[in-house]
Amino acid sequence: MALSGCQGATSSGSDLSAKVPTSTPAETDPAAATANGDALYTPAYKPNGKEVAVIKTNKGTITVELLGKDAPITVGSFIELANKGFYNNLKFHRMEPGFVVQGGDPQTKDFTSEQVAAGGNGSLGTGGPGYMIAGEFANNPNKHVDGTLAMARSQSPDSGGSQFYFTLGPQSFLDNNYTVFGQTTKGLDVIHKLAIGDVIESITIENATK
């Protein structure tokens, strides 16, 4: 099972193959991980368990409590990317009504919102940060409830990168299959308004260790 942005970016099909939040990271470097056994990236940032992500979009602001104690690698990588401005001006490239809305593909920065909504160049949902991280879902106690923040991946369990998704309602079949690393505390109404092409204006991390 894979929750993929590269499949059905504009579809809302009811078949299970369309209902998987996946990414297929296309960008790698010598230090990057692959599904073939190369070393996975380990972030330098170590979460303190109190971090909060403030995600500003063109539809409004979403506040997310990050779950660094349960998913330290995922949260550490997400914080590093956010602090570098990696997510600034990326667009949400996938929305499945009643399921998920997904973003974090750096390729979307090169397209207007209208172009992303039209499918871009056909490869949206395949971009990443140049590395992959280990999955943290086997012993993760957090569930996919409304407004959960989790990491997209390809078929390989250790293929997360930068693409994330918000759940649009409970999605229990994803539990322990995808890394849950945050829960929305404010702005749930904003999440439910998001559409393909909407903009991630910025992501700011509060309570981070200096």
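Bear in mind that the values in this text are calculations on the coordinates, not laboratory data. Please read these numbers as outputs of a predicted model, since none were measured by experiment. Counting neighbours? That spans all protein chains shown, and the Cβs are built from the backbone with ideal geometry, glycine included.
Tabulated data
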{"read-out": "Selection from Y165, M95, T112 lying farthest towards where the dipole of region 59-210 points positive, charges on Cβ", "value": "T112"}
{"read-out": "Cα gyration tensor category, rounded, prolate or oblate, for region 34-206 with a/c compared to 1.5", "value": "rounded"}
{"read-out": "Förster-model FRET efficiency, 25 Å R0, T42 and S123, C-beta, rounded to 0.05", "value": "0.35"}
{"read-out": "Proximal lysines to K143, defined as alpha-carbon separation beneath 26 angstrom and excluding residues fewer than eight positions away on the same chain", "value": "K19, K46, K50, K56, K59, K69, K91, K186, K193"}
{"read-out": "Nearest-0.05 FRET efficiency for Q115 and K69, computed from C-beta distance (R0 30 Å)", "value": "0.15"}
{"read-out": "Other-chain or far-sequence residues with amide H under 5 Å of K186's (modelled H)", "value": "T63"}
{"read-out": "Amide H partners (placed H, <5 Å) of D175, local residues excluded", "value": "H144"}
{"read-out": "Karplus 3J(HN,Hα) series, Hz, for region 151-164 with 6.51 cos²θ - 1.76 cosθ + 1.60 (x for Gly, Pro)", "value": "8, 6, 7, 8, 4, 6, x, 10, 10, x, x, 10, 7, 10"}
{"read-out": "Residues of region 89-114 with amide N under 17 Å of a point placed 7 Å along Cα→Cβ from S172", "value": "99"}
